[in-house]
Amino acid sequence: MTANKEHHHVHFNEGNDTFGRDNEIIIKPGAEPNIFQIHLGFLQINHRYAISFSSSKTMMRVKDGAKLVPVSPTVPNFNCTFSKIEVDANQVNFFVELFAHKEKLLKEELAFQMNNEGDKTILQLTARVLGKGKGTPLLKDNIHCIGVEQDEDESEASDWQGFPEG
């Protein structure tokens with residue numbers, strides 16, 4: 001070997017480090033005035049999540065002193081529900097429970113009204129759901145796994161032979 005051995009190291013410029021900066025839940029206005037798209041990133045199949053996100057009152061068109069009331073869909077949705085909606089001086093805080101019940105692209109809708117009257121505002125939650133054995137996603141800020149439910153195939157698989165006859 002030569003005395004002039006080169007050392008190769010990988011260097012990352014910390015000033016341009018974007019890891020962690022785009023870990024926020026993204027809220028975008030939809031095509032229609034009362035629809036908002038909520039991008040949750042990657043989730044995992046059969047996991048239940050507690051999700052919280054906030055938006056400005058002006059973006060959501062919420063008037064001062066208004067009380068936000070969840071609108072129940074005609075067919076109950078057990079996979080996605082509001083836990084709570086809070087309105088403070090400048091923003092609206094949403095608390096949602098979501099069950100990732102299917103792989104690939106998951107779309108769920110929640111709706112609320114101001115003071116239980118007028119037009120409803122629709123929140124369209126979207127997430128990419130990883131299947132079993134496809135890895136563990138890095139969850140965005142304010143998304144917490146609160147439970148894992150067994151797959152139907154797993155729950156029936158058992159080594160138990162039953163009670164002995166006799």
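Some values worked out for this structure:
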{"quantity": "Single unsatisfied condition, Pro137 versus (1) closer than 21 Å to Met59 by Cβ; (2) surrounded by 13 or more Cβ atoms within 10 Å (Cβ to Cβ); (3) in contact with a Leu (Cβ under 9 Å, 6 or more places away or on another chain)", "calculated": "(1)"}
{"quantity": "Residue count for the stretch 42-75, restricted to those that are assigned to a loop (DSSP other than H, G, I, E, B) and in contact (Cβ under 8 Å) with a residue 40 or more places away in the chain", "calculated": "8"}
{"quantity": "Any pair with Cβ under 7 angstrom, 6 or more apart, that starts in the stretch 117-141 at a residue that is under 16 Å from Glu24 (Cα atoms) and ends at one that is among the aliphatic types (A, V, I, L, M) and surrounded by fewer than 11 Cβ atoms within 10 Å (Cβ to Cβ)", "calculated": "Thr126/Leu105; Arg128/Leu105"}
{"quantity": "Among (1) open to solvent by less than 40 Å² (accessible area, probe 1.4 Å); (2) not in a strand (DSSP E or B) - the single one Leu106 does not satisfy", "calculated": "(2)"}
{"quantity": "Evaluation of Val69 against (1) among the β-branched types (Val, Ile, Thr); (2) surrounded by 14 or more Cβ atoms within 10 Å (Cβ to Cβ); (3) under 14 Å from Gln124 (Cα atoms) (one fails), failing number", "calculated": "(3)"}
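Yes/no matrix, rows are residues, columns are (1) open to solvent by 30 Å² or more (accessible area, probe 1.4 Å); (2) of a type in the set (A, V, I, L, M); (3) over 24 Å from Thr136 (Cα atoms):
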position	(1), (2), (3)
Pro33	yes, no, yes
Ile51	no, yes, no
Ser56	yes, no, yes
Asn77	yes, no, yes
Asn90	yes, no, yes
Lys102	yes, no, no
Gln113	yes, no, yes
Lys120	yes, no, yes
Leu123	no, yes, yes
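The values are calculated or read from the model by the stated rules, or taken from the named source; none is laboratory data. Treat the numbers as computed from the prediction; the structure is a model and nothing was measured. When we count neighbours, we look across all protein chains shown, and the Cβ atoms used for this are built from the backbone with ideal geometry, even at glycine. These accessible areas exclude ligands, DNA and RNA; they are computed on the full protein's heavy atoms, side chains included. Shrake-Rupley method; radii C 1.70, N 1.55, O 1.52, S 1.80 Å.
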